[in-house]
Every structure is written in structure tokens, then in C-alpha cells.
Amino acid sequence: MLETIFIMTATITLISALLAITAHNVVHALLYLVVTMLAISLIFFILGSSFAAALQIIVYAGAIMVLFIFVTMMLHQGEKSLAQERHLFHFSTSITAFVLCSILFCELAFILFLAPSETLNDISIAQLAPAITVKQIGQQLYGPYSLLVVISALMLLSALITAIHISKNAASIEIKTEESNL
Amino acid sequence: MNVHFYPSFIVMFGALFILIQLCFVRSQFLAYFISGISLLLALLMQLFLQNQTSSTETLFTFNAQTSFISLLLLMIVGLIWAQLYNWLKTLNEHKEEYYLLFLLSTLGGLIMVASNHFSSFFMGLELMSLSFVGLIAYCGHDKKAQEAGIKYLILSAIASAFILMGAAILYLQFGSLSFTALLHITSTQLLPAWAILCAIIFIFTGLFFKLSLVPCHLWVADLFEGAPLVTSAMLATLSKLSVFIVLWRLVTLGNWQQYQLIIDVLSIVAVSSMFIGNCLGLLQKNLLRLIAYSSIAHFGYLLIVLLLINNHSMTFSIQNFNEQIMLFYLVAYLFTLVGVFSIFIQIPKIKTLDELSGLFWQKPFIAITLMLLMLSLAGIPLTLGFMAKFYLVMAAVSQQLWLVLAALVISSIIGMFYYLRVIMALIKTPTDKAKFNHINVDGNALSLNILIIFLVIGFGIFPSSLSQFIQQITG
């Protein structure tokens, strides 16, 4: 039973990832990406690591949506682009994402409410035996793996500096070219 | 806190100090000074740590070899750093961030060299490659630099994805991400052998990308050409050194030579890197592309070291000997390469062989240094490069790797052609007398050139001092 659910979820992950790559429209691609993230988080749930699943939804689906909103805010250019977007939005284009999402939802509902009790017992024996709590993760991260936290902080720092330097560069060059045009 | 962490911490604090300095005052000299002091302190600390007892933690392992390699890494970075100030003055950018990213990528290299765990290795790799993206695309207005930056970003992301996939499959089998766990042959073989082979090949793919070995070498020439010069020097030395060390450690710790397929893959990659690298270099006119192709070939030669660790028929002393050969080759090649790049930094406007023609008659000292370095890369006797190649051939003969050995000899002869072409270009009669007037030789560059000649020729004539030192470390 659980295997079927896993296979379905994995298929959804793969299909939506493929669609995210092949979609021409950025918005559609992002929506497929969100579906991928949701499916991956369901896989985490099936594996019994609920914390990772929650993080997956909060960080990836959440952060990506926020980024998406930022980008559209920055690229928003008034009536013309609105009309363009209106033109772009059809129910028919979102139907695949919708179908994939609804399959995921049905699976989740099935696991929660409709699964026969013996499969649930199977789950609890096979999967949930060493349930990893948030506390354990924190203890590991600030115990033997504390240096990894430092390294990842430095990694983010270097990425941040790179991004700022390159984008600032482009901005200053633009100003210069505008001045020369004037 | 373990003493062995201090050099990395010093480098990290150097980077953070530059960050704090940036809040208050933008001064290139101060950033140069801070980075120099932190590199010097780290170097001294590493020298002091050379005699410390080895220790292994969850994430890192420290022994005589790793501290020697860290020392080598810091020395190379220091040599590159010495050229940084004058070179950065020619750029039309903010300069302080370069030092920051420079130190961060050095830190990434240091982490990788000492890593004993897939997570620390991966984080170090990412720290290094993310900093490299910044260093490559530093001159953002330059189209070529932009292209190179995007290329490196995407390709290193793909390489990291491959490595992650491989590590995940290995985790499934061994139940731990630690490198030492790779040794344990678990009683319950969870995965079939082909899955483990797949994982190993995934990891190889990622690492070969970084080392620009043959199936994954297409990016390297564009990158060397497009990136700022100092960044190319860092890419050719720091990045490749630390990735190769990780590759070597994985192969030895995991005893991956037990699989015939892996040996085949390694020999095919080694042979094809030697040939393709050298053949691509043959008619190349651009100096940086030429060096890029030669670095493909040189890492092809170095892969022979991995083939040597054949556990079926060997004693412990031979293993030590192989390790010595690897370290010797790395020292020889990397110092030569740093020398070549520092010459290139001294002649920043010369990009092709034609522009180089006649340099000998105008700036003889620079030209002589470059000639000696080219001879060392080609492996002519009395240079450091010859000794390295000599040891490599000796080891290959003792293990009877005839196929790879033949490839090494033939491709070295092919490679000789383009190294000699550079020298020919140098001693051609110049057409235009005034064209080298922009090259100003200051005392700093001169002393660096003398140091490089001393290293390349001195260790080439008296290799025993270096090899004894390395013997002491591995013994």
C-alpha cells in the first residue's frame, strides 16, 4: 500500500520536475516547481521524517513563492504586462499542475483517514521506529556538526557578496551608459 | 578546540575583518594588508602544526599529510596573493571584495583538504565554488567574464548534484557519510554491486568536472580565457589541488580499486585526458587556453597515481611511495603553474603567442623565467617538472602499467611541441621594438621571479631535499 503511494508520489515529482524544465512561461514553471516540492515533502512524510517535510514546505514552497512575488513586483511594468499576463492565463495551461496537485492531496487524505489500520501499523513498525525530533537535529547541529553551521554561514556570505557585487556593477554601468547617452 | 583548526580560523577571521573594514573605510591597501597578515599567520600556524600529533574528528582528519597539503595550499595562495595588489589596481571595480572572496575560497580549499566526511567535503566544495563564481564574474561588465561566470555556476551546480547523488547512494549502503566508514565491508550487502559502482561513477563525474578531466573538460578553456587572470590562477591551482586530494582520499579510503570497472574508467579517463589535452594545445595561439589544455593533460598524468594504489599485490612501503609521488608531483606542478601565472600577471596585455614574440630581447629576465617554467611543464631535465615526471614513470614501471605509461610518454612528446612553441615565440626577432614598453618590472615582481626560478631549478637539480621532506611526512 505504502509502496503504491510512494511510487505515485515519485512519479508526480518526476513529471512535474520535467514540466518545470520544459515550460516556456516562467510562472508555469514555478508552479510546477512548487508541485515538485510538495511531492518531495510527501515523500519525506512517508519516510517518517515529518520535520524535514515541514521544512520542505516552509522553506522551499514558501521561499520560492516569495521570490516569485518579488520578481514579478520588480518586473511589473503596468497595464501592458497585466494584459499580457491576462492573455497568458488560461485554465487549460494550469490543468496539469492542478491534476498533479489533486492526486497528491488525495494521497495525503488517504494516508490520514482512509488507510486500513494494519498498513498504519506497518508504517509505525517499519518507518517510525527512530523518529527524529527537532531537538535531536538541533543537538546534532550544535554538537558534532557545529562547524558545518559556520561553514554554511560563510557560504551564504560569499554568495551574498558575489550577488551584491555583480548586481551593483551592472547598475553602475547602466548609469554610466545613460550618462554617456545624455 | 582542536589546535588543527587554527589556520582555517585565522583565514576566516581575516575574511570577516575585511567585511568589518568595508563598513567603515574602503581602502584597498588595508584589505591587502589584512588578507596578507591572515594568510601569513595561517601559514606560520600550519608550519608549527607540522609536528603536532594527528587527530581525527567526525568531520575532519588531521595528520602529517593533510597539514603538508594545507601548507602547500597556503603557500600557493600566498604566492598568488603577492601579485594581487598591483594587478587589482588595473581593474575598474571595487577592489576590497576580491580579497574577501579570495580568502573565502582559500578557506573552502582548506576545509576540503582536511575533510573526512561527505558533508564537510561538500560544504567546502560549495564554499569554494560559490566564491569562485564571484571571483570569475568579478569584472561584470566584461561579456567574456559574464559568460564564464554563468558557465561555472551552472556546471559546478551540476557537478555538485552528481556528487550529492553518489553520496546518497553510498549512504544507503554504508549507513554513514564518514569517509572512514567506506572501508567497512558491511555484512549485509544492501545494494547490488552495480549500484555502488554507479555511485562511485557519479562522484567521479562531479570531481572530474572540477578537475576538468576529459569527458568533462569543455568548460576549462573558456573559463581560463574569460575569467580575470588571478582567478584563473586560483582555479588552476587551489581548486584542482583540493579536489584532487579529496578524490585521492576517497579512492584510497574506500578501496575503490577493488572494482575492475573503476580501474578501467580511471585508466580511460587518464589516457584520454593526456591525449586530448595535449592535442588541443598543439595549435593553440592563446596563452591562457594553452595553459588550460596543458592542465588537463597534467591531471591526466596525475591520475596514474590513483591507478597505482592496487591493493592486490603491494606492500605498505609501496603505498607510501605512491603517496610521495603524488605529493611530489603536486608540489612540482603547482609551483610551476603559479610561476607561469605570475609571469602572465606581469605581462597583462599579452594574450597570444604572436604578441609574445621577441619578449626575450626586450625583457630578458621575464622571458627566461617563462622559458624555464615551460621547460618544467614539458618535463625537461634539471627542472622540477622533470623530477616529478621521472618519479611517476618509475612508479608506473614498477607496477607494470604499460598502457598508461605508453600514453604518458607519447602524449608528453606531443605536449613538448607546444611548450617549445612558446619558447620559440619568445626568442623570435621582434618586429616592433616599442611594444613591450608598457611592461614595468618592479622589485616585487623581480624578487618573485627569482624565487620561482630558485624553486623550479633548485629543486630540479637537488630534488632529494624535497623528496626527503615528503618522505618524512608520509613515513
query = With B:Ser105, B:Ser119, B:Ser131 as the choices, which residue is surrounded by fewer than 19 Cβ atoms within 10 Å (Cβ to Cβ), in contact with a Leu (Cβ under 7 Å, 6 or more places away or on another chain) and within 11 Å of another protein chain (Cβ to nearest Cβ)?
reply = B:Ser119
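For every residue, the table says whether it meets (1) touching a Lys or Arg at 6+ places or on another chain (Cβ under 8 Å); (2) assigned to a loop (DSSP other than H, G, I, E, B); (3) among the aromatic types (Phe, Trp, Tyr).
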| site | (1), (2), (3) |
| --- | --- |
| B:Asn92 | no, yes, no |
| B:Glu97 | no, no, no |
| B:Leu104 | no, no, no |
| B:Gly109 | no, no, no |
| B:Met112 | no, no, no |
| B:Ser119 | no, no, no |
| B:Phe122 | no, no, yes |
inquiry  = If I filter the stretch B:315-362 down to residues being surrounded by fewer than 23 Cβ atoms within 10 Å (Cβ to Cβ) and touching a Phe, Trp or Tyr at 6+ places or on another chain (Cβ under 6 Å), which single residue comes out as farthest from B:Leu384 (Cα to Cα)?
reply    = B:Gln362
task = Could you check, for the stretch B:176-186, whether at least one of its residues is at pLDDT below 90, more than 26 Å from B:Ile350 (Cα to Cα) and within 12 Å of chain A (Cβ to nearest Cβ)?
result = yes
task = Confirm whether B:Leu100 is of a type outside the set (Val, Ile, Thr) and more than 8 Å from every other protein chain (Cβ to nearest Cβ).
result = no
Among (1) away from chain A (no Cβ under 11 Å); (2) in contact with a Lys or Arg (Cβ under 9 Å, 6 or more places away or on another chain) - the single one B:Ala64 does not satisfy = (2)
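Quick grid of which residues meet (1) farther than 23 Å from B:Asn92 by Cβ; (2) part of a helix (DSSP H, G or I); (3) of a type in the set (A, V, I, L, M); (4) in contact (Cβ under 8 Å) with a residue 24 or more places away in the chain:
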site	(1), (2), (3), (4)
B:Leu135	no, yes, yes, yes
B:Tyr138	no, no, no, yes
B:Tyr152	no, yes, no, yes
B:Leu172	yes, yes, yes, no
B:Leu191	yes, no, yes, no
B:Cys198	yes, yes, no, yes
ask   = Which is closer than 24 Å to B:Thr352 by Cβ and either free of Cβ contacts under 8 Å to residues at least 24 places away in the same chain or surrounded by fewer than 22 Cβ atoms within 10 Å (Cβ to Cβ) (or both), of B:Phe386, B:Phe417?
value = B:Phe417
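The values are calculated or read from the model by the stated rules, or taken from the named source; none is laboratory data. Please read these numbers as outputs of a predicted model, since none were measured by experiment. Methodologically, a virtual Cβ is constructed for each residue, glycine included, from the backbone with ideal geometry; neighbour enumeration extends over all protein chains shown.
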